[in-house]
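Structure first, then comments.
What follows draws every value from the coordinates through simple rules; no lab data is involved. The structure presented is a predicted model; accordingly, all values stated were derived computationally and were not measured. All Cβ positions, even for glycine, are placed from backbone atoms using ideal geometry, and neighbour counts span all protein chains on display.
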Amino acid sequence: MYIVIIGGGSVGYYLCQALLKEGHEVLVLDKDSVKCERFGDDMGSVCIRGDGCEVSTLADAGVGRADVFIATTNEDEDNLVACQVAKHKFKVPRTIARVNNPKNEEIFKKLGIDCTIGVTNIILKHIEEELPAHPLTHLLTMAEEETEIVEVKLEKNSKAINKAIKDLKLPKDSVLALMIRNGQKPKVPTADTVLKLDDRLIALTRFEDEAELRKVLVG
Amino acid sequence: MNVIIMGCGRVGAQLASILDNDGHKITILDINGHSFRRLSPNFSGTALLGDGTDQETLKRAGIKETDAFVAVTEGDNRNVMAAQIARHIFNVPKVICRIYDPLRKDVYEAIGIETISPTTVFAQLLKEKLLAK
């Protein structure tokens, strides 16, 4: 694949290195000639000096035949514009933007960027998953369906313990997909399954129902 | 008319002062408080310190009730981002955005953002002056 990367900072640099290793054709654009030279020393002529938001620069870089376009600078507005120009002017099929301010992630999606990567949110999620203090952790978000997959651990103050699933007042569109019980193989719970202390449940829920689900399972 | 102007540079400040004088309700935004010195001493609108690409700032500026939004900061990309937020997130009826780069302007015109490129306009004016008898 031909992949164009905007921004030769550390994200752009290591991304370029990894993609080259996988056998892709990669081109990096950066406004700063010093950054471009660093690429030259290590990877050959993969970095051109230029403004990745400028139509003429992108045309010179052959963005018209790019399969993927990735904007990795630390300015959100530059990443947005670079991706939009690539998408609307050069019809690049897949545009990916790094989002520095977590608030902008939703805006970028609404404005047509195919994929956004919010570093702050990713780190936050990892911290959440690592911290045992949270009885409910987010595993995966499916933004388009407004649905998420969460893991819930039944701790001793949970009101769901010793109850059958059919007796719980789960939100309408929430599903308990999987139950993991101490040392046993994961099971798909049925309506008659009785929950026990320390059970771990993988559940699907709509964003708006998360608080309700938490109330039923965590207490 | 309620108008939000983003960027209190020479153009933003002058536009704010003219519209204010005509009796419109103006809110002008800038990330640098020092820029507000450019407003005319009689300016009776609101000068708000904040970033026009930030939704909270826009809400404080009254974006939900505004009739028009004008983006005239020094940065093309900031203008374009703020203009799209105003247009597509807050559905502001009239949004105008300054883009110096004529080629970038064409891209955004094509996707429905009303833009003015001072580069194109000024070059044209200069040509007319030069060729005028």
Give the lysines reachable from residue A:163 as a straight Cα distance under 27 Å; neighbours fewer than 8 places away on the same chain don't count.
A:153, A:172, A:185, A:187, A:196, A:215
Using the basic label-point model (7 angstrom from Cα toward the beta carbon), what is the residue A:126 to residue B:126 distance in nanometres?
5.0 nm
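Work out the FRET efficiency for residue A:65 and residue A:167 from their Cβ-Cβ distance, taking R0 = 41 Å, and round it to the nearest 0.05.
0.10
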Could you check the spin-label model distance between residue B:94 and residue A:106? Points 7 Å from the Cα along Cα→Cβ, value in nm.
2.9 nm
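Which length gain, in nm to one decimal place, applies between residue B:36 and residue B:21 when the Cα-Cα distance is subtracted from 0.36 nm times their residue separation? Spell out each step's value before the answer.
Numbers: separation 15, 0.36 × 15 = 5.40 nm, distance 1.64 nm.
Here the segment from residue B:36 to residue B:21 would lengthen by 3.8 nm.
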Could you grab the relative contact order for chain A? Cα pairs under 8 Å, six or more apart, rounded to a whole percent.
14 percent
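If I take R0 = 56 Å and measure r between the Cβ atoms of residue A:180 and residue A:25 in this structure, what FRET efficiency does the formula 1/(1 + (r/R0)^6) give, to the nearest 0.05?
Numbers: r = 44 Å, r/R0 = 0.78.
So the FRET efficiency works out to roughly 0.80.
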So what's the angle, to the nearest 10 degrees on a 0 to 90 scale, between helix A:76-88 and the longest Cα principal axis of chain A?
80 degrees
Using only Cα atoms, find the angle between the long axis of helix B:118-131 and the longest principal axis of chain B, and express it within 0 to 90 degrees, rounded to the nearest 10.
40 degrees
Normalised contact order of chain B, rounded percent, pairs of Cα under 8 Å and 6 or more residues apart:
21 percent
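Pairs B:25/B:127; A:31/B:105; A:89/B:25: which are spaced more than 29 Å apart, C-alpha to C-alpha?
Numbers: B:25/B:127 36 Å; A:31/B:105 20 Å; A:89/B:25 37 Å.
Pairs exceeding 29 Å: B:25/B:127; A:89/B:25.
What do you get for trypsin sites (Lys or Arg not before Pro) in segment B:33-85 restricted to DSSP loop and a cutoff of at most 16 other Cβ within 10 Å of the site's Cβ?
Passing both the DSSP loop test and the Cβ count: B:64.
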